Structure formats: C-alpha cells, structure tokens
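Contents: one structure, followed by commentary.
The values are calculated or read from the model by the stated rules, or taken from the named source; none is laboratory data. Bear in mind that the values here come from a model prediction, so they are computed numbers and not experimental data. Neighbour counts are summed over all protein chains in view; Cβ atoms, including those assigned to glycine, are modelled from backbone coordinates with ideal geometry. Please note that ligands, DNA and RNA were not included when accessible areas were found on the heavy atoms of the full protein model with its side chains. Shrake-Rupley method; radii C 1.70, N 1.55, O 1.52, S 1.80 Å.
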Amino acid sequence: MKFLKNFSNSINRNNSQDKSPELFHYKRQKVGELSRIHLRVDPDGTGLLLVNASKVIHLNPTAAYMAHLSLEEIPEDQAISKIKKRYKVTKEAAQSDYLDFQIQLDELIRPDGVCPLHDLELEIKPPFNVEPSAPYRMDLAITYRCNNDCPHCYNARPRNYRELDTQSWKDILDKLWDYGIPHIVYTGGEPTIRADLCELIAYAEKNGQITGINTNGRRLKDPDFVKQLVDAGLDHVQITFESHNPSIHDEMVAARGAWEQTVSGLNNVLESPLFVMTNTTMLNANSPYLAETLKFLANMGVPTIGLNALIYSGKGKNVGTGIKESELSPLLETARLLTQKYNQRLIWYTPTQYCNFDPMQLELGVKGCTAARYNMCIEPDGVILPCQSYYVKLGNLLVDDWDSIWNHQLAVSLRERRNIPAKCRTCVLLSECGGGCPLYFQHVNDQNKHEESIDNFHHFV
C-alpha cells in the first residue's frame, strides 16, 4: 500500500548505510480493544506495519516516518515541525497531511477497523509483489518429540533429534528481533513437551515479539498449565482437531484417548484470554464428515477455523490419504457456508494450483507459497528451513550470518518462483497462484516419473 502520493517516497532514513532494519513494538488499547503493533523500518526507509500479527501493511518512506512519529506519541506540533523540515513543505501542508494520515493509521491499527481498500481508498499492491527484507513470522520447531503419531505427519526427522538448550533459543529470539522478525510460533513436534516453553514465551514477550503455539492440545487439559502460558505472555494458540468423531480423530493421530484430552484442552483455552483457532487436515477419513465437525466446533464456541490439505512431506509424502486439489471445492464451499452461518472466521492454508482449485472463487483470499518469503522455520538444532515442511538446510542461525541464509539459492528461487511447473509460466494467475505448493508439484512429478518407469518396464517385458 502507498500513502500520501503528494510526498516524495524517495527519502531514505539517515542511517541508510546500515543493512539492519529497525523494529518497534507498541500496544494500544481503546474501549477494550487491544492492538499489538509492530513497525519495521528497512534501511531504504520503507516500512512494514503489522497489527496483531495478522494485518500487514506496506508503507512508503513518508508513511513509515509519519507512522513512527505517531506511534511514538511525539507531540503534534513537534511532529509537524519535523515533517516540515524533512520534506521542505509549508507548515499548512505538513499539518494537513499528518492529520489525515493519523486518521488512516488509527483505523488501520484497530482490531475491527475499517477495510483499508474499500473504506480508506488506499493504493493497493497485489500480493507477492512486495519483496520483504525478512519474514514476518518465524516458526520455532523446538522439539520433534510428540505424544501423537499421525500417519500423515509432515515431519521428516526422528523424534530424538538434537535439541538446543534454553539459552541457545533465547539467543535465537534476540537475533530474530534484530533481523526485524516480530512474530514467533512455537511448534514441533509437540511444543508443550518442552519443559522450558513458558520461559521461552516470556523471553520473546520481553523482546516485544508476539507468540503463539501450534499444538495437539492434549496437555492443555491442565488448566494450571494454560494459566502458566497466559501469564508468560502467550498471545494465540492453534489446536489440531481432526474430527468431531472420537474414533476418527484418535485413528488419525494414532493415539487412543487423544480426542478427549484435546477437547478438554480446547475448552480450557476458550475460557482464557488467548486468541484460539483450530486446524483440520482434510483427508479421506474425515472429509466426508466435515460439516458435522464444523458444527461441533461452532457449538464449542471456536471463533476461527483453519483447514488445510495433506502436506507432501515426511510421512505425508507416501501416506496416500490425501484429497486431490480438484476435489477440494465442494468441501471448502461447505466450510465457507457453515462458518458464515455461525459467524466464524475461516482460514484456508494450503497453496494450490488455481487451475485445480482457486480459493479466490470461494472468497478464501490469495493463497500462494510463502516459504522463505513471509515465513520460515528453525529446527530443534538451529538449522533454518524455507518452511516447516521443506527439509532443505539454508544455514544455521547460531553460526551463519542472516544475509547468507536469506539469500541462499533455494530461498531466492522460491521467492522468485524459478522452478514452477512449465504449464504455469504463461498463466495469467501466476502472480497469485505461484504454481501452488512446491512440495505438491514435486510429489506429482515423482508420481509421473514412477508411472512412466512402470509403463516402460511393461513395454520392455
């Protein structure tokens, strides 16, 4: 997005020779609405405004400068004087534009503020057309141990994989803040297995980072543990919930009695101040009953529903229970109608090839691969991956410099979409679709090669 077109957007900040971004954290509370705001200012002066780790607004240098003045609560007369001097405009022009900008900013940072596109009439750049200097979110797979054993799990590592100690993770959190990464998600494996989870959450909170956990929810059955998470500063929790039917859920996670514990944990966090959502992987076993599962979650009071398709990594690569992209549309239409009926938010995660399934047709938003662009993942030993499911080492955050990791050949290739399927290269929807999930089309290519080799063998015989 661009603001205030009458101002030059070529003004850089004074320390533009410094390659490190500046990251600022603010809290705003008005009439019971709490907003956690991060402003990242890059060396070229452009900015990134993140509200509650869910709303992302790109700012030109002028807007980034004004946002900083406003969020720092610089007295209005001083702010206007700084703008007048910096941009060599009249006091009247500086005052008019700054006051207009503050109105826009106030709406943007409110949790239920107006739509920036339709209500504020801001210039919009299409998704994936702005290259970030670093991800917005980093997933920390602090352990690969887990008390479930899902046959479709994307984890490709052994459960006894080497784990960093608490201090090493704190060092990583400090580095991530220095690189301008404000959103931390603890995952795994099962992150609640780590005894120091609350300590790591509290440390990130001290830095000013927003934190969440992705969990199977079983340990959350203990209300005292939920309270410890809240007291540590945890902001949000995502709980894997595969079915309203206990036997289907337990079979999908390969743990008898897991459903009862997960439901108990879900009830506990719904009674807490945490932002809560569930996530369901749609497979052959549970998809026929998706409507019943969604109604069950609505009756529990779950405000946000996440859905995804099979991830073709780890055990999921060969499990054979995934649903074809071309079969997703009726399932997602059911989910869209039911979540609208129950006033829930629906999030669809999986990037797909739009020729097979176009999420925009169902008003699910633009879904392209965000690996090594908007999010990345750190393994239990400090190795950094393009995303949590893409097991190719880009470097180790404790020993390698960030520039070599961010500009690793694979990371750049993913951002620039160099290895997309040939059929996608001339598609008019390429900028939104991006060719779908790289792991999925690698899986399809492997399948095609396997079938071709079988055909050749039969022909030879």
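So the values come out like this:
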{"read-out": "Tally, over the range 45-55, of residues that are surrounded by 17 or more Cβ atoms within 10 Å (Cβ to Cβ) and either among the polar types (S, T, N, Q) or within 13 Å of V130 (Cβ to Cβ) (or both)", "value": "5"}
{"read-out": "Out of R425, R417, sole residue that is more than 23 Å from R162 (Cα to Cα), surrounded by fewer than 22 Cβ atoms within 10 Å (Cβ to Cβ) and touching a Gly at 6+ places or on another chain (Cβ under 7 Å)", "value": "R417"}
{"read-out": "2 or more residues farther than 30 Å from S168 by Cα: qualifying helices (runs of 4 or more DSSP H) within the range 184-297", "value": "246-253, 258-270"}
{"read-out": "Which listed residue, of T278, T293, T262, is at pLDDT 95 or above, surrounded by 20 or more Cβ atoms within 10 Å (Cβ to Cβ) and either among the hydrophobic types (A, V, I, L, M, F, W, C) or over 26 Å from D358 (Cβ atoms) (or both)", "value": "T262"}
{"read-out": "Residues satisfying the stated conditions in the range 295-319, i.e. of a type outside the set (S, T, N, Q) and in contact with a Ser or Thr (Cβ under 7 Å, 6 or more places away or on another chain)", "value": "L297, V302, I305, G306, L307, A309, L310, I311"}
{"read-out": "Residue tally, condition among the β-branched types (V, I, T) and either open to solvent by less than 20 Å² (accessible area, probe 1.4 Å) or in contact with a Cys (Cβ under 8 Å, 6 or more places away or on another chain) (or both), over the range 17-44", "value": "2"}
{"read-out": "All positions within the range 178-195 that are over 22 Å from V237 (Cβ atoms) and of a type in the set (F, W, Y)", "value": "Y179"}
